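The values are calculated or read from the model by the stated rules, or taken from the named source; none is laboratory data. All values derive from a computational prediction rather than experimental measurement. We place every Cβ from the backbone using ideal geometry, glycine too, and count neighbours over all the protein chains shown.
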Amino acid sequence: MSFPKKVAVVGANGFVGSRIVELFHLSGLCEVVPVVRGVNALPRLSRFELPWKLADARRPEALADALAGCDAVVHAVVGDPRVIEAAAAALVPAAANAGIRRVVYLSTASVHGQNPALGTTEDSPLSDGQEIDYNNAKVRAERRLFADAAKQSVELIALRPSVVFGPRDRWITTLADELNRGVAWLINGGTGICNTIHVDNLVHAVRLSMSANASASGQAYLVGDHELVTWWDFYRETALGLGLDPATIHQIPMPAFPAKSWLSKLDGLRSSPTAQKLIAQVPRVLKGVAKGAIKGLSPAPEYNSWYLPGVAGPSPAREMVLLQQCAYRLPSTKAERLLGYQPPISFAHGLKGTLDWLKWTRR
Amino acid sequence: MADPRPKTEPVKAALVGCGALAELYYAPALRGIQSAEPVRITTLVDPNAARRAVLSGFFPDARRLSAVDELNQGEADFAIVASPQKFHAAQTISLLGSGVHVLCEKPMAATVQEADAMVAASVEHRRLLSVGLFRRFFPTSRIVHELVAGGTLGRPVSFEWMEGGPFNWPAASPSFFQKSASPGGVFADIGTHVLDLLLWWFGEPESFDYEDDALGGIEANARLRLRFGSGVSGSLRLSRDTAIPNGTRIRFERGSIWFQGASADSVVVQLDGCSHVVRGALHSAPDQAGGVGTGFGASASTYSQCFMEQILNLCRAIRGEEALVVPGTAAAKGMDLIERCYAARRTMSMPWLTPDELAGIERLALSRGTRK
């Protein structure tokens, strides 16, 4: 299949979406039509003279209008679990209405969990009963998309990257901040596998997916960098690139997290589609009362003035702890075989460019 | 130019442009100043009926018009022009010609030529033209001006100014991001405020070097290096794309002052040779009669109060009670510098771009020329 002449990028203002727009446009690969929800999302995109469109990606009719005249679409919408599922439900009907056959959906390797089982491949069964709500939403989104695509004769390819990093990435900004403040941390000595993929390698996989044979569609693909990168590699190289001493990275024992509180479970439940339908029926006044009651159950912290100023320490988050326990390198072999994927950017080169971007934002 | 009417008689005002700025800033500000200045909003002007309806929620008695030329003689003493920038010049000139004083939102015009025409109309029709560069009212801005003029910390030596982050203004129209409607991006938007202050503090620049990241469109990142005739030099970095450190530091011979660009009333003062800095909210100086028990006076004006003060300033200037703080002539100087920067712009180095993309930039620049 030849490369499409006109490609819509839905969710074009995000970290990955904006890089797709930038790279496709500046490289002269094709005409690019960025699609974003509101005018607030335009600053980064309006650096280029492009025919951007405004559309709510959760509304199939509006999205179909925005996609009209395009030959293919990349879906890079980010959001909370509700947005993820609603946007996925709208995508294939909108593409079909706009006469688009090739759809590339940016999914995530987190559909297999942050710490996938040894031997995991694209064919491993997925669960939407995982601890992290984001994972569950992405699992349900993929299921919906593949089911819709089969009905509508749309050629859907889902890409499953894991730790995507690169310029404009909040991940690297957060890590740099933690390293600068001396609160960066690793568990297990950083021996866990960080399944990195530089954003330009992901964009390369998108590019290949655009022109892949129809036989490659209807499937999901894990994609990653060429090198095996541990969390220690990632943190160490970032620290060195910023001129900081990697020895300042805290090596901490495995943190114990309390079981999910009933409040956070309630919050997760609240985001399910069924719960959302039910909540919509509840009068606003009653919702306010319920919210107030729940808030009232949270204990207020006690003020204590008798303390010495301490040195800030690591503050491990549950999702990151899960990621750092990963003992398995997710394979890109299927993408290599069916899409011809070979990551063009080495980890070292990609990290250097990312840190160069970070320095660029500070001068 | 002064209007001798007594203060008890409300000043009549028209609000031209009913977008997000009018809704979120001017409407609450006009309500907020009522205790000091009973301004009556007689007219709302916007071609979009839905937007007029939103603003009539604040001012139910105001007449709703779709264009400024529908205003009756004497319907408004002054008008606030808060429409998209491309309409500022035509609307302002029309209003001044009808005998209406104008507070025009920044940037005051799309070009210096337009700005000059607005100033000329103000002079010709003997009506006041004020521009919404309300950071001049910030206590932080005033204290820097006083330090520069008074020499308390010695002569100013240098400045660094970084301001911005992901764009979060609830713009109602995409005109902000359309090259056809906006002469520039973040530099024309936030830079207008910053350059106005720098010119106010340090005088005329001797030289400058400007670069931004526009690649056929309008910039989301900009960097300016400036050297003033007074010897002060420094840099300005703006972004509406990504998080950058936010802070402004002005170094003097004997210390420095630091604040965040959009912060009206708090600063950090560092005196050279001292182990600690002073960080805090600004207050007016204490009343000497209060004795040693009174360390400070009233709280300095906040961001919102400064926004209101620019309207009060125009009302008082109309009555001849005080001079305009930001007259059109001053704002036109900032516009002139911005226009010269755009004319001499270079494309920023973007270290993450691939060779293919860099070749593409060359190609685009060749095919489209340099943006003015």
*Within the group A:I197, A:I193, which residue is touching a Gly at 6+ places or on another chain (Cβ under 6 Å) and modelled with pLDDT of 95 or more?*
A:I197
*Check on A:R168, among the basic types (K, R) and part of a helix (DSSP H, G or I)*: no
*Give, as residue ranges, the strands (runs of 3 or more DSSP E) completely inside segment B:198-268 that count at least 1 residues that are charged (D, E, K, R) and closer than 23 Å to A:K359 by Cα.*
B:205-212, B:221-228, B:233-239, B:247-252
_Let me confirm something: among A:L186, A:L145, A:L179, which residue is among the aliphatic types (A, V, I, L, M), buried (at least 17 other Cβ atoms within 10 Å of the Cβ) and not in a helix (DSSP H, G or I)?_
A:L186
_If A:A89 satisfies all but one of (1) assigned to a loop (DSSP other than H, G, I, E, B); (2) away from chain B (no Cβ under 14 Å); (3) over 19 Å from A:S209 (Cβ atoms), what's the number of the condition it fails?_
(1)
*In segment B:162-197, what residues are of a type in the set (V, I, T) and either more than 14 Å from chain A (Cβ to nearest Cβ) or in a strand (DSSP E or B) (or both)?*
B:T192, B:V194
*Restricted to segment A:33-53, and to residues that are in contact with an Asp or Glu (Cβ under 9 Å, 6 or more places away or on another chain) and part of a strand (DSSP E or B), which residue is farthest from the other protein chains (Cβ to nearest Cβ)?*
A:K53
_Given (1) in contact with a strand residue (DSSP E or B) (Cβ under 8 Å, 6 or more places away or on another chain); (2) at negative phi, index of the condition B:G164 fails_ = (2)
*Kindly provide the set of residues from segment B:319-358 that are touching a residue at least 24 places away in the same chain (Cβ under 8 Å) and among the aromatic types (F, W, Y), ordered by number.*
B:Y342
_Looking at segment A:345-363, I want the residues that are facing another protein chain (nearest Cβ under 8 Å) and have a partner that is among the β-branched types (V, I, T) and outside any helix (DSSP H, G or I) with Cβ atoms under 6 Å, at least 6 apart or on another chain. Which pairs are those?_
A:T361/B:T242; A:T361/B:I244
*Mind listing whichever residues of segment B:213-225 are surrounded by 18 or more Cβ atoms within 10 Å (Cβ to Cβ) and either more than 9 Å from chain A (Cβ to nearest Cβ) or more than 24 Å from B:A181 (Cα to Cα) (or both)?*
B:A222, B:L224
*Does segment B:285-300 include one or more residues that are more than 14 Å from chain A (Cβ to nearest Cβ), modelled with pLDDT of 95 or more and surrounded by 14 or more Cβ atoms within 10 Å (Cβ to Cβ)?*
yes
*Do the conditions hold for B:I361, that is, is it touching a residue at least 60 places away in the same chain (Cβ under 8 Å), among the hydrophobic types (A, V, I, L, M, F, W, C), within 14 Å of chain A (Cβ to nearest Cβ) and not in a loop (DSSP other than H, G, I, E, B)?*
yes
*Can you give me the ranges of the strands (runs of 3 or more DSSP E) entirely in segment B:52-141 with at least 3 residues that are surrounded by fewer than 21 Cβ atoms within 10 Å (Cβ to Cβ)?*
B:63-65
*Filter segment A:60-85 for residues that are in a helix (DSSP H, G or I), among the aliphatic types (A, V, I, L, M) and buried (at least 20 other Cβ atoms within 10 Å of the Cβ) and give the result.*
A:L63, A:A66, A:L67, A:I84
*Can you tell which of B:T111, B:T92 is under 30 Å from B:S180 (Cβ atoms), touching a helix residue (DSSP H, G or I) at 6+ places or on another chain (Cβ under 8 Å) and either small (G, A, S) or touching a residue at least 40 places away in the same chain (Cβ under 8 Å) (or both)?*
B:T111
*Would you pick out the residues in segment A:219-232 that are surrounded by fewer than 19 Cβ atoms within 10 Å (Cβ to Cβ) and either acidic (D, E) or out of contact with any strand residue (DSSP E or B) (no Cβ under 9 Å at 6 or more places or on another chain) (or both)?*
A:H226, A:E227
*Only one of A:A220, A:A205 is in a strand (DSSP E or B), over 27 Å from A:L179 (Cβ atoms), touching a residue at least 40 places away in the same chain (Cβ under 8 Å) and under 21 Å from the mean Cα position of the chain (by Cα); which?*
A:A220
*Output the qualifying pairs, or none if there are none: Cβ atoms under 6 angstrom, residues six or more apart or on different chains, first residue in segment B:76-87 and at pLDDT below 95, second residue in a helix (DSSP H, G or I).*
B:P84/B:S175
*Can you tell me which residues in segment B:226-246 are within 11 Å of another protein chain (Cβ to nearest Cβ) and not polar (S, T, N, Q)?*
B:R237, B:R240, B:D241, B:A243, B:I244, B:P245
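Residue by residue, here is whether (1) free of Cβ contacts under 8 Å to residues at least 40 places away in the same chain; (2) buried (at least 20 other Cβ atoms within 10 Å of the Cβ); (3) of a type in the set (S, T, N, Q) holds:
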{"site": "A:A90", "(1), (2), (3)": "yes, yes, no"}
{"site": "A:A94", "(1), (2), (3)": "yes, yes, no"}
{"site": "A:A98", "(1), (2), (3)": "yes, no, no"}
{"site": "A:V104", "(1), (2), (3)": "no, yes, no"}
{"site": "A:S107", "(1), (2), (3)": "no, yes, yes"}
{"site": "A:S110", "(1), (2), (3)": "no, yes, yes"}
{"site": "A:A117", "(1), (2), (3)": "no, no, no"}
{"site": "A:T121", "(1), (2), (3)": "no, no, yes"}
{"site": "A:L126", "(1), (2), (3)": "yes, no, no"}
